[in-house]
Amino acid sequence: MSTDRRTRAWLELEASSLRRNFRRIREAVGASAAIIPMVKANAYGLGVAEVVRFLEGEAPWGFGVATTEEGEELRALGIELPVLVIGPVPPAAYPDLVAAGLTPGISDLGGLRALAAAAARAGRPATFHVEIDTGMGRGGFAWRDARTWGEEVAKLASPGDRLRWSGCFTHFHSADEADDAALLVQRQRFRGALALLPRLGEGALIHACNSAGALRGPAATENAVRPGIFLYGGVAGNTLPAPEPVASLRARVVFVRDAPEGSTVGYGATHTASRPERWATVGIGYGDGLPRALGNRGHALVKGRRVPIIGRISMDLTVVDITDVQGVEPGDVVTFIGSDGSATISVEEVASLASTINYEILTDFTRRLPRIWLEPEDDGPIIHRLRCGTD
């Protein structure tokens, strides 16, 4: 039986581009800054098991996730580096978090007390970072009240070595905008709050920058950064450097037909052939993560040519107009994101047509799509290796 999962639709992923994007973050922030790659949401939809293995060799400080369950998954994969759970977690999650040796972001004293209780019951120490809200508003201690809550946090963290306060962070809400006024306000608030806190121990991490902030260089950086979208080939801001693309979305033609003038296609019959047309049905749909909004407005690449998506995208199938492309047959590859010859469709183009952002496009890819990584051999061409085929 064939082990090639590229029979219907798949994500094609460039490991070398992922690594080079990491190194570009390193160049932007300087060698002394710790890098915490964010691998939440299945590494932005690309497959966390492989992403962490590819990035481990780039000497990250550790990895960042959004939930306790995501952190537990990294531990199950054998990751021994620190794992930072950025978002506030529900009270019931602390025992599992402590058992897995994860580092939570703490947003209030109630959360810190829950962590302390879980650590006491488990009989093991726990580390934590304090989140400071400087304007994002989703969580964190208020920057204005740092002196008050800082003293309480220090008291709770002081008994023995049970709790270790090992970092502070905030979130820049507008680092991807050309105007850096909002970023500067948040950074001033963050640094002002830090100045009122008890002195943290040696090695404590202070971080605020996502990909967009990190790409602005050391001036925006504390001693650590948390890149995400840029690593995975998504543009972090229109005025910032572009990454190397990592993900391509491809599928195969499953049916070809000649459509007489007046023929209709898809639910609602939203496309009518205005001339004799030739249509190709492709084995991919919104059940795979192709945005339904691309119907009658998006494009695909066939034999290096851009062709329109016609009709509504179905859960499992999509139709493209190949009237002007010769020789298309079932089994031919169609590209919805990525390059074919000299033609390219970027994830940003798809996001714009779907009225969303590149983050959502990547994270919406479903488990039905095999993740197939392309890795360069030391002395040979790029080869195909199936990775995480059921992510």
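Quick notes on this one:
- Top-ranked residue in region 314-337 [being over 20 Å from Arg275 (Cα atoms) and open to solvent by 60 Å² or more (accessible area, probe 1.4 Å); ranked as farthest from the chain's Cα centre (by Cα)]: Glu329
- Every residue from region 231-275 that is assigned to a loop (DSSP other than H, G, I, E, B), of a type in the set (S, T, N, Q) and open to solvent by 50 Å² or more (accessible area, probe 1.4 Å): Asn238, Thr239, Thr270, Ser274
- Considered as a group, the residues in region 21-46 that are assigned to a helix (DSSP H, G or I) and of a type in the set (A, V, I, L, M) include one that is surrounded by the most Cβ atoms within 10 Å (Cβ to Cβ), and that residue is Ala43.
- Any pair with Cβ under 6 angstrom, 6 or more apart, that starts in region 343-354 at a residue that is touching a residue at least 12 places away in the same chain (Cβ under 8 Å) and ends at one that is in a loop (DSSP other than H, G, I, E, B) and not small (Gly, Ala, Ser): Glu348/Val235; Leu353/Arg297; Ala354/Pro291
- Arg387 touching a Gly at 6+ places or on another chain (Cβ under 9 Å), at pLDDT below 95 and not acidic (Asp, Glu): yes
- Every condition in (1) part of a helix (DSSP H, G or I); (2) under 30 Å from Val350 (Cβ atoms); (3) not β-branched (Val, Ile, Thr) holds for Leu194 except the one numbered (2).
- Residues located in region 170-183, provided they are closer than 19 Å to Arg138 by Cα and not in a loop (DSSP other than H, G, I, E, B): Ala182, Leu183
- Of all residues in region 66-91, those being in a helix (DSSP H, G or I), open to solvent by 50 Å² or more (accessible area, probe 1.4 Å) and either closer than 20 Å to Thr363 by Cα or modelled with pLDDT of 95 or more (or both) number 5.
- Which listed residue, of Glu50, Glu58, is in contact with a Lys or Arg (Cβ under 8 Å, 6 or more places away or on another chain), of a type outside the set (S, T, N, Q), assigned to a loop (DSSP other than H, G, I, E, B) and modelled with pLDDT of 95 or more: Glu58
The values are calculated or read from the model by the stated rules, or taken from the named source; none is laboratory data. Everything quoted here is computed from the prediction, not taken from an experiment. Please note: Cβ atoms are built from the backbone with ideal geometry, for glycine as well, and neighbour counts cover all protein chains shown. The area values use the complete protein model at the heavy-atom level, side chains included, leaving out ligands, DNA and RNA. Shrake-Rupley method; radii C 1.70, N 1.55, O 1.52, S 1.80 Å.
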